[in-house]
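Take a look at the structure below.
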Amino acid sequence: MKKILVMGGAGYIGSHAVKHLVEKGYDCVVADNLVYGHREAVAEAAAFEKADLAEPASLEALFSKYDFEAVLHFAAYAYVGESVTDPQKYYQNNVAGTLNLLAAMKNHGVQKIVFSSTCATYGEPHYTPIDEKHPQSPINPYGRTKLMIEQAFADYARAYGLKYAALRYFNAAGAAADGSIGESHNPETHLIPLVLQAIQGKRPCIKVFGADYPTPDGTCLRDYIHVEDLASAHRLALEKLDGFSGYVNLGTGVKTSVKDIIAAAEKVTGKKCPVEQAPRRAGDPAELYAAAHGPAETVLGWKPRYMQIEDIIATAWNWEQKRRF
Ligand code: UDP
C-alpha cells in the first residue's frame, strides 16, 4: 500500500492532520526534525522518521525506504517577528528546504503535494473579505518564503507535472476535540493560548496590541479556523489532486476581534482574564478574514464544522487544562 508522507507532522497543524488521516484509514509516515515539533503529538498508528529538509541525504533515505503516493508539507518556521530579525533561517528552511523536498519527490516520481501556505502571502489587505484573487504582496520574510514556494509550484507543475494544493490558512486555533493533542509552541505568540494561560495564572496578563484600529471595538479582527477543520481540508485536497492544482483560502469568513476572544474565553472558562493595553504590534493589519464559499467549498467540498468562537476556544481550554507537552 502506498503511503502519505507528512513532513512536519509533529507540529501543531501537522499532528492534527496526521490524527485525522489515520482515523480515515490512511497509512502515514511522519517526518520531522523535532526542532519545534513534539514526538508525543504523532498518532501511534503513524510511522515516525527523523528527517530534516536541510539535509538532502535524510530526504533521500526517506524516499528510498518508502513508496509515497503524496506529500503533506507542514515543515516550516512560522514566527513572523523572527523572520524579520533572522531572515536567513526562514529562506534556508522554508524555501531552500522545500526545494530539497521537491527535488526528492521529483527523483522518486512523487507528484502530489499539499502545502501549508498562509494568508500572510496577501500582506496588507486591499479589500476584505480576502479571496484567492487578492494581490499577493507579503510584508514580512515569512510571508515571502511561502509565496516563493507557491510560485515554484506553478513552474514545477508546468515543467514536471507536479500536482499541488497550497492552502492559505487564516488563524489556526483550537485543539483535538478529544483533548489528546493541541497547540504547544515555545515561545507561544498566539492570542488564544496566551489568553487561556493568563486566565490560568500561568502568565501575568494578556497584552492587547492596539485599541485604536478602525474596527468596531478598536482591536484587530481575525478569522479563527479550527485546527481539525484545517486537517479535514488537507485530506480533501489530497483526494482532489488528480484533477486539481491551485491555491485555496481556509477560513470561516467570520471576523472576531481581540476583545471578542477575551470575552469568549472568559465565558468558556468562567474566569476573568487579566488584561493590559499595549501599543500596536508592527505588521498587524486591522482586519484579515477570508471570503466564504470560495474554492475550499466549491472545489474541495469543504465546510468548516467549527463556526462559533466559543466552541473553538472550548477545545483549546480542554487542552490547556491537561496538556501533555
Ligand atoms: N494579539 C494580542 N496580544 C497578544 C498576541 C496577539 O493582542 O499577546 C493580537 C494580534 O495583534 C492580532 C491577533 O491578536 O491582532 C492575533 O494574533 P496572533 O499572533 O494569534 O495571530 P496572527 O494574526 O498574527 O497570525
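The values are calculated or read from the model by the stated rules, or taken from the named source; none is laboratory data. Being a predicted model, the structure only gives us computed values, none of them experimental. Every residue, glycine among them, receives a Cβ derived from its backbone with ideal geometry; neighbour counts consider all protein chains shown. Just so you know, the surface numbers come from the protein's heavy atoms only, side chains and all, with ligands and any DNA or RNA stripped out. Shrake-Rupley method; radii C 1.70, N 1.55, O 1.52, S 1.80 Å.
Taking the inverse of the mean reciprocal distance over all distinct Cα pairs, the Kirkwood hydrodynamic radius of segment 260-325 comes to 15.1 Å. When the Cα positions of ALA31, SER232, PHE63 are compared along the charge dipole of the chain, ALA31 comes out farthest toward the positive end, with charges on each C-beta of Lys, Arg, Asp and Glu.
How many Å² of accessible area per residue for the chain, probe 1.4 Å?
Ligands and nucleic acids excluded, the result is 42 Å² per residue.
Among 71-81, 112-122, 306-316, 128-138, the peptide with the highest mean count of other Cβ atoms within 10 Å heads the list, and the full ranking is 112-122, 71-81, 306-316, 128-138. What part of the accessible area of the chain, given as a whole %, is carbon or sulfur when the probe is 1.4 angstrom? Carbon and sulfur together cover 51 percent of it.
Here segment 129-211 yields Rg over Rh of 1.10, to two decimals, using C-alpha coordinates and the Kirkwood radius. What does the charge add up to near GLU188, with Lys and Arg as +1, Asp and Glu as -1, over the other residues with Cβ less than 12 Å from its Cβ? Net of charged neighbours comes to +1. Oblate is the label for segment 33-192, because the ratio a/c of its alpha-carbon gyration tensor axes (a ≥ b ≥ c) is 1.5 or higher and a/b is not greater than b/c.
Could you work out the relative contact order of the chain, using alpha carbon pairs under 8 angstrom and six or more residues apart, expressed as a whole percent? Show your work: numbers first, answer last.
Details: 666 pairs, mean separation 61.3, N = 325.
Rounded, it is 19 percent for the chain.
Rounded to the nearest 20 debye, the dipole size of the chain about its Cα centre is 160 debye, using +1 on the Cβ of Lys and Arg and -1 on the Cβ of Asp and Glu. For ALA103, what is the net charge nearby, where nearby means another residue's Cβ is under 15 Å from its Cβ and Lys, Arg count +1, Asp, Glu -1? So the surrounding residues net to -3. The overall shape of the chain, judged from the alpha-carbon gyration tensor, is prolate: a/c is not under 1.5, and a/b is greater than b/c.
Per-peptide packing, taken as the mean over residues of other Cβ atoms within 10 Å, places 168-181, 280-293, 219-232 in the sequence 219-232, 168-181, 280-293 from highest down. Most tightly packed first, judged by the mean number of other beta-carbon atoms within 10 Å of their residues, the peptides 98-106, 271-279 read 98-106, 271-279. Expressed as a fraction of 2.2 N^0.38 Å, the C-alpha radius of gyration for segment 169-231 is 1.26. The charge dipole of segment 1-52, taken about its Cα centre with unit charges on the Cβ of Lys, Arg, Asp and Glu (plus for the first two, minus for the last two), comes to roughly 140 debye. Top mean-square fluctuation among GLY109, GLY301, GLY243, Gaussian network model of the chain, C-alpha springs under 10 Å? Its mean-square fluctuation being the largest, the pick is GLY243.
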